[in-house]
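Structure first, commentary second.
The values are calculated or read from the model by the stated rules, or taken from the named source; none is laboratory data. Here the structure is a predicted model, which is why all the values come from computation and not from measurement. Cβ placement follows ideal geometry from the backbone for every residue including glycine, while neighbour counts extend to all protein chains displayed.
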Amino acid sequence: MYSDYNFAFLDEGSKREIRRASLKAVAIPGYQVPFGSRELPIGRGWGTGGIQLTLSLIGPDDVLKVIDQGSDESVNAVNIKKFIGLCTDVRTTANSREATLIQTRHRIPEIPLSDGQILVLQVPIPEPLRIVEPREEVTKKMHAEKDYAPIWLQLYESLVKYKKVTLASEYPCMVAGHYMMNPSPIPKFDNPKLHKADCLYLFGAGREKKIYAVPPHTEVVSLAFDDIPFEPEHFEGKKCRLCGSADTYLDEMFDALTGEKLYQCSDTSYCKEVRGACV
Amino acid sequence: MCLNETPVLQVRNFTLRYGSGCPACGERLEKNRCALCGSVWAANDLSLDVYPGEVLGIVGESGSGKTTLMRSLYFDFTPTFGLALLRDYQEGRKNIWEASAADRRMIKNRIMGMVYQNPILGLRMNHSTASNIAEKLIAAGSRNAGQMTERARGLLESVEIMTSRMGEAPRNFSGGMQQRVQISKALANNPALLLLDEVTTGLDLSVQARVLDLIRKIKAEYGISILLVSHDLAVVRMLADRTIVMLDGKIAESGLTDQILEDPQHAYTQQLVHSLI
């Protein structure tokens, strides 16, 4: 561990402030709590919100897992893991069941998480209303008054143009019947995993200086019209080329030599587990 | 129209002043401008009633305060003072200009419909025509996409716009079509009061005639009250039951339309009527 830095890089005062903001976020599910986003040795927009949450929550006994687009081995995941490992000495893992703290970008693990686990999501744009309203003071009022008609209009416009809702990620959802939330750029395939989950979901946006949360067992409902139900992605007739799973989120790839289209589990540790490989 | 019934809309002492004002503001006005501080009294102590099923016309020259009144009623402008009561809001006991933001949205989406002179103000030019109408329905709480599409189709048919074009954005439409889309949008939730602000201005004569026919049809079919602003006396003669003549932010004369046009009392009204080509 680097002895030149405080445990988990940030000073204790900063960590305490971020934990306070996190507690407030847990107390008001889906509400975006402003916080004083700290400088980190990586640029804003590269996961600083998630890292600050992880650094402020992590303790010596935690087991950390970091994933990026479902993969434990991507450059971003490996470097974040290395950085946090260097300034905490905590054990890192690729096993989703074993980890107590999981930092992730773009995916929620395939296995259902348990009540002892915290999933920290990196969020680029926390405000679900940003696509319809650029002014922060207006979106705050819209949340306060539950004025979500413009988002519903976007969904309806999509139906008129394409006969279906074409949003594939950042699919807005209602949390605990009050706040509309952007679940970060996870595919809408993962939205149902937020509903009444056993684990705690924390969302950190470092550049936008916001933290929000979905506490365990909270109702999270993806927006859907009465006559057109919410529909996550389907992969009918397709399965993972490695483990054969047909019920997971699949990445599409091409064989460079043959040009053949292949599918593979996006969650690499789950895929390994199914194959019986060492995770 | 029955003048014994409770008015759909009552406006009392509506005043809107642009400028900071002064202690003696409004006492010495040159036209509608304070001679002391230069503040403009766009509307000055206006009072009017709109009765069920009635078309109330408002005429006057540019700058007389017609649009100021309409857009204040639709919450685009904030009055300096005044009272506006809607029969369908809190049973006419609460001033709509003191309503909460949520209540204002409810009034705009359920009780009133507005057709602006400039369609850019009333339509989302980059959204489909169906979405423009659905916007009102969504704001009023509808979450059934099929029903909203059917409602949009019905409304577009009633304003004679081909339903095959409901997926197109209004920016691709002609001025007359945009006005008719605005009218269908304003009618989406069967409002009790329709505000029409210079709906035929800038349209060629044949399109004007179609829009006016449409308004007559709406009045006959829906029986809703209409507040109609125009600087065109022919439009007012054709549609309005009663007429108010405005000058420099004040009401110069009011009465039955025929009476105003056939026997004008105020010098400005006489000038206006006699200037008809």
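At-a-glance table
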item: Every pair of residues 6+ apart whose Cβ atoms lie under 9 Å, when the first sits in the stretch A:234-257 and is farther than 21 Å from A:His106 by Cα while the second is buried (at least 16 other Cβ atoms within 10 Å of the Cβ) and polar (S, T, N, Q); result: A:Arg241/A:Gln264; A:Leu242/A:Gln264; A:Cys243/A:Gln264
item: Flag if A:Ala99 is closer than 30 Å to A:Val63 by Cβ, in a loop (DSSP other than H, G, I, E, B), without any contact (Cβ under 8 Å) to a residue 40 or more places away in the chain and aliphatic (A, V, I, L, M); result: yes
item: Candidate set from the stretch A:98-135 (those that are among the basic types (Lys, Arg) and farther than 20 Å from A:Ser74 by Cα); member that is surrounded by the most Cβ atoms within 10 Å (Cβ to Cβ); result: A:Arg130
item: Filter result (out of contact with any strand residue (DSSP E or B) (no Cβ under 8 Å at 6 or more places or on another chain) and charged (D, E, K, R)) within the stretch B:1-26; result: B:Glu5
item: Test set (1) surrounded by fewer than 21 Cβ atoms within 10 Å (Cβ to Cβ); (2) in the same structural domain as A:Asp68 (by TED's automatic domain parsing); (3) not basic (Lys, Arg) - A:Pro172 fails condition number; result: (1)
item: Those helices (runs of 4 or more DSSP H) lying entirely in the stretch B:157-263 with at least 1 residues closer than 22 Å to B:Asp88 by Cβ and β-branched (Val, Ile, Thr); result: B:175-187, B:205-222
item: Criterion violated by B:Ile111 - all others in (1) within 11 Å of another protein chain (Cβ to nearest Cβ); (2) surrounded by fewer than 23 Cβ atoms within 10 Å (Cβ to Cβ) satisfied; result: (1)
item: Tabulated pairs, the stretch A:129-141, first more than 20 Å from A:Glu157 (Cα to Cα), second charged (D, E, K, R), C-beta under 8 angstrom, 6+ apart or interchain; result: A:Glu136/A:Glu127; A:Thr139/A:Glu127; A:Thr139/A:Arg130; A:Thr139/A:Glu133; A:Lys141/A:Asp147
item: Checklist (1) within 25 Å of A:Pro187 (Cβ to Cβ); (2) modelled with pLDDT of 95 or more; (3) in contact with a strand residue (DSSP E or B) (Cβ under 6 Å, 6 or more places away or on another chain) applied to A:Ser74, failing item; result: (2)
item: Set A:Lys146, A:Lys82: member being part of a loop (DSSP other than H, G, I, E, B) and either free of Cβ contacts under 8 Å to residues at least 40 places away in the same chain or over 17 Å from the mean Cα position of the chain (by Cα) (or both); result: A:Lys146
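This table checks each residue for (1) touching a Lys or Arg at 6+ places or on another chain (Cβ under 8 Å); (2) within 14 Å of another protein chain (Cβ to nearest Cβ); (3) hydroxyl-bearing (Ser, Thr, Tyr); (4) closer than 23 Å to A:Glu233 by Cβ.
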| residue | (1), (2), (3), (4) |
| --- | --- |
| A:Met142 | no, yes, no, no |
| A:Lys164 | no, yes, no, yes |
| A:His178 | yes, no, no, no |
| A:Pro183 | no, no, no, yes |
| A:Ile186 | yes, no, no, yes |
